[in-house]
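Structure first, commentary second.
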Protein chains: 2
Amino acid sequence: MKKMDYQNVKGTQDYLGEAAVVRRTIRRTLEDVFIQYGCKPLETPILNYTELMASKYGGGAEILEEMYTLTDRGERELALRYDLTIPFAKVVAMNPTVRMPYKRYEIGKVFRDGPVKEGRFREFTQCDVDIAGVDSQLAEAELMSMALDAFDRLDMNVVIQYNNRKLLVGMLEAFGVEEERTNQVVLVLDKFEKVGMKAVLTELGGLGLSPGILEKIEAFLTDEANTSFRFLETFVEKSELVRQGLSELEELETYLEALGIKGKCVFNPFLARGLEIYTGTIYEIFLADGSIQSSIGSGGRYDNAIAGLMKTDQKFPTVGLSFGLDVIYAAMSKSTEKQETSGLDYYIIPLGTPKEALLVASEYRKRGLNVELELGNRKLGKALDKANKEGIRNAVIVGEEEVRKNQVKIKEMESGEERVESFDF
Amino acid sequence: MKKMDYQNVKGTQDYLGEAAVVRRTIRRTLEDVFIQYGCKPLETPILNYTELMASKYGGGAEILEEMYTLTDRGERELALRYDLTIPFAKVVAMNPTVRMPYKRYEIGKVFRDGPVKEGRFREFTQCDVDIAGVDSQLAEAELMSMALDAFDRLDMNVVIQYNNRKLLVGMLEAFGVEEERTNQVVLVLDKFEKVGMKAVLTELGGLGLSPGILEKIEAFLTDEANTSFRFLETFVEKSELVRQGLSELEELETYLEALGIKGKCVFNPFLARGLEIYTGTIYEIFLADGSIQSSIGSGGRYDNAIAGLMKTDQKFPTVGLSFGLDVIYAAMSKSTEKQETSGLDYYIIPLGTPKEALLVASEYRKRGLNVELELGNRKLGKALDKANKEGIRNAVIVGEEEVRKNQVKIKEMESGEERVESFDF
């Protein structure tokens, strides 16, 4: 009979074997670090009212087009969440008694019916930390320090690029760009590192910017001192926004210096980040060796979104940081050896002794060890093969002879050494 | 300005505060136990082809009605998964090289657009372990032992009720129930403990069973020795199925005895479990004190479903066990005190010393401690209030005076004792 061909839906996939183990390590490491930093867990639903997800403080037109929508049996118009930020804002809105500052993390699936490419899926996992209720750049410093700790634990060498959107927007204002065009221009500037000067200027020209403005933008993009404030400082006089941005940047840098992490953080005045919601500091995390081009984490300050969603005048200054589990996994699986590592301490092999083997497994587990029991009736040779392939540390042979003597035979797989241990059957 | 009213979609909810902490504990404890038992992690997509989810080896008509369906931009007919079993079977079908026995776990969200009541949601989390490729009752014994370990770690006193579907089906056969009615009758019998004899007999009568058959069923249900095999054994002669079922039951009980867990496991000949896919052992886990009526975990053997899905003659005997995170959470939150327990070791309070406080937080975290930094500029009194409310163990006061002396002041919150520690700023 022919086997039925099953397929996964485009943009989704299964993770099994070593892939699932690596992903678990990432997830748990991130969660451990979040806990260490005093972040509180939050779980929000995947199913949301379309109206909420389509709010103007949400992901913007491009993301809304990619939203999966459905109708339930009660004729509700629903959408699958496309990020964890709107659900977070909703929780703040629905729980007025929540203690501020509110620092929460959530790890969960999000959905976007968009283009699929390497490391970019339609169903993927985000790991987000957001801090609501903090004006000071301390919040940004905490998150950047947390990101460095997390990647350090994952043995990944990273660099954080940061900028401040007030600088960009203020500068464009001072250049004479009309306010309603600012975001379009920022989106184009965001591509500078990827596509280069010529492409950026062409696209900006297409937006109808005047030659005079284009000239100024070119001068900005060619400024060599892109790690200093020299160029930006010439705008302080002209723009209150630039002045504010610079002052925030300086505050942040004082903290990065105090933490001794300034060397891992690079000011990038061209960094723009697409989303309109950002109002201040923005940052993206990259692999130091550049082996993966896209960022493996990113975020920034969005001071207006929660209040906007809540339609309140109350202030909810907020900073967020989002880790992409899938891209971190892609980065790690490039550097990790393909060797299976089950993490198992013992593999109990019954040879006609199922009851006794169960007992040995149970006893070893009580000692806190990770133990697999052979359930498939493998013969000794095949069982030892499996132990080798899966990188299990010890095989425990429970033969009838051993049971009679109240013993088990333990084979240390790497050295091949065997020893006998007494066991009270 | 009036705040906008946000609502969660019916049957979904947010978990924050202590609720989210308890749920994290359950999730991580279960995962730790799964790892200890040598289960391999698996992640499958929530989005699936409707055709796959609607397979006849799936959840049956009732669940299919409750399936959330949608169409993506590529006009694919999709459904949200309603369990983790079909996705597991799909993975086995798609990965013919997977090593058998394959013992995997998955923790993830599933969706059912059905009735909502206490502890029953439309979007909920399942924690499943399944073992494919094992004929022997060793697999059942492993899973039952694992369940007891897991609830032991969660400090929950439980009882596992078990039965074998071959016994039930074989008996009904011997009573003269027609084969195509068997499953309907089993569904009614499943309600016996809840609704009682009269209601069961009335409903069975409504199915058109003859008075003779009803009499036999009544005799079975009134048999007092419902923890022995006495009654069942009278059927061995008449039914090959009953004979097989009894033999499996005896094998299982030998293992439970060897493991010393027979006292926690109770044979219940009336236990039926709704789903048609089960072919052998079935079990449900209940709180020993009965404070929650519904089961907090359940599963059984389904030897035909994977092969059926794969349309193959190859055999895939499989046993599964599913823990319901939401009902376990409901059970735990009844017994747990409502006191907040942040699990935080230190709470760093800057008093005009943000840089230095950052440094202290960073230093303490390097020691592996869980540390929260006050980001909201709370005054000392309010900060100590918060430390008390959230059950943080120590407050660390970083005042300007302390910084000058290269010191921090540590207040142990429970005793109120203060001490000074040197810190190299």
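Quick rundown of the values:
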quantity: Extreme residue, nearest to the other protein chains (Cβ to nearest Cβ), among residues of region B:134-150 that are assigned to a loop (DSSP other than H, G, I, E, B) and touching a Leu at 6+ places or on another chain (Cβ under 8 Å); calculated: B:VAL134
quantity: Elements of type strands (runs of 3 or more DSSP E) contained in region B:1-100, each with 3 or more residues being over 30 Å from A:MET94 (Cα atoms) and at the interface with chain A (Cβ under 7 Å from one of its Cβ atoms); calculated: none
quantity: Only one of B:GLU363, B:GLU356 that is crowded, with 20+ Cβ neighbours inside 10 Å, outside the structural domain of B:VAL98 (by TED's automatic domain parsing) and farther than 30 Å from B:VAL186 by Cβ; calculated: B:GLU356
quantity: Selection count where residues are more than 7 Å from every other protein chain (Cβ to nearest Cβ) and outside any strand (DSSP E or B), scope region B:101-133; calculated: 8
quantity: Region B:151-176: number of residues that are assigned to a helix (DSSP H, G or I) and either modelled with pLDDT of 95 or more or under 15 Å from the mean Cα position of the chain (by Cα) (or both); calculated: 3
quantity: Selection count, region A:278-313, where residues are surrounded by 23 or more Cβ atoms within 10 Å (Cβ to Cβ), part of a loop (DSSP other than H, G, I, E, B) and aliphatic (A, V, I, L, M); calculated: 1
quantity: Unmet requirement for A:SER333, which otherwise passes all of (1) of a type in the set (Gly, Ala, Ser); (2) modelled with pLDDT under 90; (3) crowded, with 20+ Cβ neighbours inside 10 Å; calculated: (3)
quantity: Failed item in (1) assigned to a strand (DSSP E or B); (2) small (Gly, Ala, Ser); (3) farther than 30 Å from A:LEU42 by Cβ, with B:SER247 passing the rest; calculated: (1)
quantity: Residue among A:ALA330, A:ALA387 that alone is over 25 Å from B:THR254 (Cα atoms), among the small types (Gly, Ala, Ser) and assigned by TED's automatic domain parsing to the domain that holds A:ASN157; calculated: A:ALA330
quantity: Residue match in region B:181-190 (condition: at pLDDT below 85 and more than 30 Å from B:PHE151 (Cβ to Cβ)); calculated: yes
quantity: Among residues of region A:387-402, those that are under 12 Å from A:PHE425 (Cβ atoms) and touching a helix residue (DSSP H, G or I) at 6+ places or on another chain (Cβ under 7 Å), counted; calculated: 1
quantity: Of all residues making up region B:106-136, the number that are under 14 Å from the mean Cα position of the chain (by Cα), at pLDDT 95 or above and over 18 Å from B:LEU80 (Cα atoms); calculated: 2
quantity: Only one of A:ILE26, A:ILE63 that is under 24 Å from B:TYR105 (Cβ atoms) and either at pLDDT 95 or above or among the β-branched types (Val, Ile, Thr) (or both); calculated: A:ILE26
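The values are calculated or read from the model by the stated rules, or taken from the named source; none is laboratory data. Keep in mind that what you see is a predicted model, and the values were worked out from it rather than measured. Cβ sites come from the backbone with ideal geometry, for glycine too, and all protein chains shown count toward neighbours.
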